[in-house]
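Working notes for the structure below.
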Amino acid sequence: MAGIEPQPGIMDISLYVGGKSHVEGVSNIIKLSSNENPFGPSPAAQEAVKRSVHELHRYPSTDHAALRKAIAEVHGLDAERIICGVGSDEILAFLNQAYAGPGDEVIHTEHGFALYRIGALAAGATPVEVRERERVTDVDAILEACTDKTRLVFIANPNNPTGTMIGLAEITRLAESLPEQTLLVLDGAYAEFVEGYDGGAALVEERENVVMTRTFSKLYGLGGLRVGWGYGPRHVIDVLNRVRGPFNLSGTALAAAEAAVRDIAYSEKCRAENTRLRAWLAEALAEHGVPSDASTANFVLARFGSQDEAEACDTYLQSQGIIVRRVAGYKLPAALRITVGDEASCRRVAHCIGLFKAGAR
């Protein structure tokens, strides 16, 4: 209707497209397009979901105290500095909503998660894309791009869809060198897949300009329930809680996440299997002439000679009932992102890529 217009920036947003889950006319699909845990959630989380049905008529907790306490105990953090959201995506949205707006700039890297740009535009801010160096975050390039308008810097570490990451020394250097009005956001959606990595938690506790986000959608296998959390300075968490809806997480989601984070043995088992199969898959693809960077997440970025070859391989895989992720939208047109599935799935996708490289179409 004439005169009714959305806020500036909204119509510049391209709709986010998730990983495909089916292929027309093909059954028995192997889905390796969304970086899901092939082993699913822990038995403890499943049991918590079953028990929660008896409380569906009750409103959930508004302060998420039990889940925050569980996260704090498992990770050695301060529960008062934790905020929970509908996936880590909601925490990212809160940060844009609270700290960026018209006239402000939000930095993300060229192969970074699509929601960084989307969130900035939704808030009316200007997204600023910064180059990477051979698909790895470049701290110097980020610092060069900073201005007095820079309010947020988003980094996924490990990064999606590349699987690469930078070390604590580089992250610390970046945090120390940012303009005084700028928050560094460390997106740790895949941090659990890196043995001994705290996702930046220690740096958050040392500084007033660093926030960390995490999710239960990947290692914990709760993508269908949408639970995430953030850890930051008290002044930031206080601000974010003021824009958070009081009942943003369901009772079922809260119960499942609490059980999942406390089931440490199951998490360690999933992490170990991912590490083993990720190495196997990367080596198998390399033997077929398909290289990938050393991944620290639960996927590999398979690189082909051209966009045409990558797309042809994807089409062939779909014909064989295997769905992976095209990443041309992330400025990687000659690559396919492949989730590390269970052993049978990894062997199947490697075998089919081998057939494709040998001439199958």
Within the set of pairs 6+ apart or on separate chains, which have a first residue in region 102-131 that is in contact (Cβ under 8 Å) with a residue 60 or more places away in the chain and not assigned by TED's automatic domain parsing to the domain that holds residue 178, a second that is in a helix (DSSP H, G or I) and of a type outside the set (Phe, Trp, Tyr), and C-beta atoms under 6 Å apart? none
Yes or no: residue 217 in the same structural domain as residue 180 (by TED's automatic domain parsing) and under 30 Å from residue 334 (Cβ atoms)? yes
Can you find even one residue in region 327-339 that is assigned to a loop (DSSP other than H, G, I, E, B), surrounded by 23 or more Cβ atoms within 10 Å (Cβ to Cβ) and touching a residue at least 24 places away in the same chain (Cβ under 8 Å)? no
Taking region 248-298 as the search range and keeping residues that are more than 25 Å from residue 42 (Cβ to Cβ) and of a type in the set (A, V, I, L, M, F, W, C), which one is surrounded by the fewest Cβ atoms within 10 Å (Cβ to Cβ)? 294
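So that you can scan it fast, the table gives a plain yes or no per residue for (1) over 19 Å from residue 215 (Cβ atoms); (2) surrounded by 15 or more Cβ atoms within 10 Å (Cβ to Cβ):
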| residue | (1), (2) |
| --- | --- |
| 45 | no, yes |
| 50 | yes, no |
| 58 | yes, no |
| 62 | yes, no |
| 66 | no, no |
| 73 | no, no |
Counting only residues that are under 29 Å from residue 241 (Cβ atoms), in contact with a strand residue (DSSP E or B) (Cβ under 8 Å, 6 or more places away or on another chain) and either in the same structural domain as residue 338 (by TED's automatic domain parsing) or acidic (Asp, Glu) (or both), how many does region 30-70 have? 1
Inside region 205-247, the number of residues satisfying the requirement of being part of a loop (DSSP other than H, G, I, E, B) and of a type in the set (S, T, N, Q) is 2
Starting from region 282-304, keep only residues that are more than 14 Å from residue 354 (Cβ to Cβ) and among the basic types (Lys, Arg), then list their pairs with residues that are modelled with pLDDT of 95 or more and outside any loop (DSSP other than H, G, I, E, B) whose Cβ atoms are within a distance under 6 Å, requiring at least 6 positions of separation or different chains. 303/335
Selection count, region 187-225, where residues are over 27 Å from residue 277 (Cβ atoms) and among the acidic types (Asp, Glu): 3
Unmet criterion (only one of (1) surrounded by fewer than 24 Cβ atoms within 10 Å (Cβ to Cβ); (2) touching a helix residue (DSSP H, G or I) at 6+ places or on another chain (Cβ under 8 Å)) for residue 176: (2)
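The values are calculated or read from the model by the stated rules, or taken from the named source; none is laboratory data. Please read these numbers as outputs of a predicted model, since none were measured by experiment. All Cβ positions, even for glycine, are placed from backbone atoms using ideal geometry, and neighbour counts span all protein chains on display.
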